[in-house]
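Down below is the structure, laid out as structure tokens.
The values are calculated or read from the model by the stated rules, or taken from the named source; none is laboratory data. Note that this is a predicted model, so its numbers are computed, not measured. Here the Cβ positions follow ideal geometry from the backbone for every residue, glycine too, while neighbour counts run over all protein chains shown.
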Amino acid sequence: MPISLAIITYNEEENIVRLLNSLADIADEVIIVDSFSTDKTKEICTQKYPQVKFFEKKFNGYGEQKNHALNLCSHEWVLFLDADEVPDEEMKKSIQKIVSSESTEFNVYMAKFNNHLGIHLIKYGGWGNVYRDRLFRKKYARYSDDKVHEFLITDQKSGLLEGRLNHYTYKSIHHHVSKINKYSDMMAEKMFERGKRINRFKIIVSPIFEFIKVFIFKRGFLDGFPGFYIAKTMSYYTFLKYIKLREKIRLSESEQNTVK
């Protein structure tokens, strides 16, 4: 049975080649929805990979973007990956076995992650035991409409793919900090739209607790300095999303008072 590979991209020239080369013998159709990349992502996808169907759409959030890509897939089975994810050989064989079977026990399958930070494989701090839905029958699932931290909505019980999905998270500290800034913007907007309130105490205490949770309770210290770096940056992300939410609330209140 044929399978669609779906990917959403923005400036992924350094990742997309690795992924597409890895899955050239699996995907019968490759759907890429790009958010108008400013690098060579479009050129690489359209000129080097004839099986790629390349679309462009303004980015309004991860959930909406992924559902748009999902709607463009023409096959029953969909493998939905991020550009920086690559299945190992065991997982590729597991995927092929499932989609080629006349009957399967599950309609949704999760992948276990190997999360890499640069040259380091992270085993603790909440990064070493990550499972996420990646392979599913299209008619049984869709993504939530969340701008960030979207999730697969399904009423199906999930199976587990064999092997590991290698996730090459960040290529540099600059890249990582840029992502933190972007995600904290979107998370603050998401919380603001849902009417979440915040106070100074939570802004001060939450980042401290996040560091302790990741580095101590989730044993991030066992990863050495990379574990410390992850705990510190996750603490920073927590601080940013809450301080940005507070800023949005104050601006909204100021605008309302001005109108009055």
Looking at the range 216-260 only, could you name the residues that are over 13 Å from residue 126 (Cα atoms), among the charged types (D, E, K, R) and not in a helix (DSSP H, G or I)?
260
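Give me the residue from the range 99-140 that is aliphatic (A, V, I, L, M) and touching a Phe, Trp or Tyr at 6+ places or on another chain (Cβ under 9 Å) and, out of that set, farthest from residue 161 (Cα to Cα). Explain how you work it out, then say what you get.
Initially, the range 99-140 is screened for residues aliphatic (A, V, I, L, M), giving 99, 108, 110-111, 117, 119, 121-122, 130, 135.
After this cut, where a residue has to be touching a Phe, Trp or Tyr at 6+ places or on another chain (Cβ under 9 Å) as well, the list is 99, 108, 110-111, 117, 130, 135.
Details: 99: 12, 108: 10, 110: 6, 111: 5, 117: 23, 130: 13, 135: 9 Å.
Checked the range 99-140; the qualifying residue farthest from residue 161 (Cα to Cα) is 117.
A quick yes/no check of all residues on (1) assigned by TED's automatic domain parsing to the domain that holds residue 9; (2) modelled with pLDDT of 95 or more; (3) under 17 Å from the mean Cα position of the chain (by Cα):
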{"site": "42", "(1), (2), (3)": "yes, yes, no"}
{"site": "65", "(1), (2), (3)": "yes, yes, yes"}
{"site": "91", "(1), (2), (3)": "yes, yes, no"}
{"site": "94", "(1), (2), (3)": "yes, yes, no"}
{"site": "110", "(1), (2), (3)": "yes, yes, yes"}
{"site": "117", "(1), (2), (3)": "yes, no, yes"}
{"site": "120", "(1), (2), (3)": "yes, no, no"}
{"site": "137", "(1), (2), (3)": "yes, yes, no"}
Is there a residue being in contact with a Pro (Cβ under 9 Å, 6 or more places away or on another chain) and not assigned by TED's automatic domain parsing to the domain that holds residue 124 anywhere in the range 208-220?
yes
Which of the following residues is under 23 Å from residue 179 (Cα atoms), touching a residue at least 12 places away in the same chain (Cβ under 8 Å) and not in a strand (DSSP E or B): 90, 12?
12
In the range 15-34, which residue that is in a helix (DSSP H, G or I) and out of contact with any Asp or Glu (no Cβ under 8 Å at 6 or more places or on another chain) is surrounded by the fewest Cβ atoms within 10 Å (Cβ to Cβ)?
21
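Going by the conditions given, is residue 85 under 23 Å from residue 175 (Cβ atoms) and either at pLDDT below 95 or not assigned by TED's automatic domain parsing to the domain that holds residue 109 (or both)? Walk me through how you get there before you give the answer.
Numbers: under 23 Å from residue 175 (Cβ atoms): yes; either at pLDDT below 95 or not assigned by TED's automatic domain parsing to the domain that holds residue 109 (or both): no.
Against the criterion (under 23 Å from residue 175 (Cβ atoms) and either at pLDDT below 95 or not assigned by TED's automatic domain parsing to the domain that holds residue 109 (or both)), residue 85 does not qualify.
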Close pairs (6 angstrom Cβ cut-off, 6 or more residues apart or separate chains): in contact (Cβ under 8 Å) with a residue 12 or more places away in the chain and among the basic types (Lys, Arg) in the range 221-239, buried (at least 19 other Cβ atoms within 10 Å of the Cβ) and in a helix (DSSP H, G or I) anywhere:
none
I'd like the residue in the range 35-87 that is among the polar types (S, T, N, Q) and part of a loop (DSSP other than H, G, I, E, B) and, out of all such residues, is nearest to residue 143 (Cα to Cα).
60
Does any residue of the range 18-26 turn out to be under 17 Å from the mean Cα position of the chain (by Cα), aliphatic (A, V, I, L, M) and more than 18 Å from residue 166 (Cα to Cα)?
no
Every residue from the range 49-62 that is in contact (Cβ under 8 Å) with a residue 24 or more places away in the chain and within 15 Å of residue 7 (Cβ to Cβ):
49, 51, 52, 53, 55, 57, 59, 62
